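Only one structure is covered here, and it is reproduced in the block below.
What follows draws every value from the coordinates through simple rules; no lab data is involved. All figures in this text were calculated on a predicted structure; none of them were measured in a lab. Counting neighbours? That spans all protein chains shown, and the Cβs are built from the backbone with ideal geometry, glycine included.
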Amino acid sequence: MAHDQTPPRMKLILQIAIATPLLLIGLKYVLDSYFIWMSEEALAEKMAPTTELNKLREGEKKNLTSGPMPITAAMMEISKGRSEQGGPELIAPQQSDDTGALTGWTKLPRSFELPVNLAMDAGAMPTPMVTDAGAPGATDAGKPRPAGDAGARGH
């Protein structure tokens, strides 16, 4: 049987043993710097320019300083105190009768007015408010429903 009797190539093994860790450490620094460079570039692309924001801020500042009462004058009026401006009555809460915000609200009772000539044609007294769909109004509260009424119990 033949056996290889050549001595190991120690010089080549030593060169590979030294070069491998150096290569890996150098490769780590190269890849880290590439990752940082690409991340910063992506972040710079995603950041919005502030030109529109600056225009908006300038417009708001213009509106605050030029108006019926500039903001500085309003702040001076507030700092004078309540006694000089009309007292607590000026800022006291008051009941509002504005129903503009309730337009289209489904919880309001739907009602309409009958024209006077239509009510007179029927031979009845003019009715100012009539509720829709047979819903009980303020005048028929407590009256029993007819037996054939769809809303009566016992369907």
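The table below lists the values:
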read-out	value
Spin-label pair Leu64/Ile78, simplified geometry with 7 Å Cα→Cβ offset, distance in nm	1.1
Calculated FRET value between Arg57 and Gln95, using beta carbons and R₀ = 41 Å, to 0.05	0.60
Added length on full extension, which subtracts the Cα-Cα distance from 0.36 nm per residue, Ile71 to Ile13	12.8 nm
